[in-house]
Amino acid sequence: MPEFVATLLAAAAFCVTLLLLNAVTRLLLQAHLGPPDFAENGFLQYGGALVAARATYRRAPQRRPV
């Protein structure tokens, strides 16, 4: 069960981080503050979301051997 909870938390962190990074990217593009090849759902957004998911997975409670 703890493995399932850790995976669920990591998936939720990935989705939320990806949504937030895409929103920030969209705001930067509309304000003309980003480079022209900066796009939503790019490498930067997925990379950031994966880093957040990995950190969440590592910090989630793990089953300890008895």
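The values are calculated or read from the model by the stated rules, or taken from the named source; none is laboratory data. The structure presented is a predicted model; accordingly, all values stated were derived computationally and were not measured. Neighbour counts are summed over all protein chains in view; Cβ atoms, including those assigned to glycine, are modelled from backbone coordinates with ideal geometry. Accessible surface is based on the protein model in full, side chains and every heavy atom, while ligands, DNA and RNA are left aside. Shrake-Rupley method; radii C 1.70, N 1.55, O 1.52, S 1.80 Å.
In plain terms, the chain from residue 24 to residue 51 could stretch by 8.0 nm, reckoned as 0.36 nm per residue minus the Cα-Cα distance.
Sorting the segments 41-48, 15-22 by their residues' average number of neighbouring beta-carbon atoms within 10 angstrom, most packed first, yields 15-22, 41-48. Global dimensions of the stretch 1-52 from alpha-carbon coordinates: Rg and Dmax equal 13.5, 46 Å. Relative to the longest principal axis of the Cα atoms of the chain, helix 2-30 runs at roughly 10 degrees. Excluding ligands, DNA and RNA, the accessible surface per residue across the chain is 79 Å² with a 1.4 Å probe.
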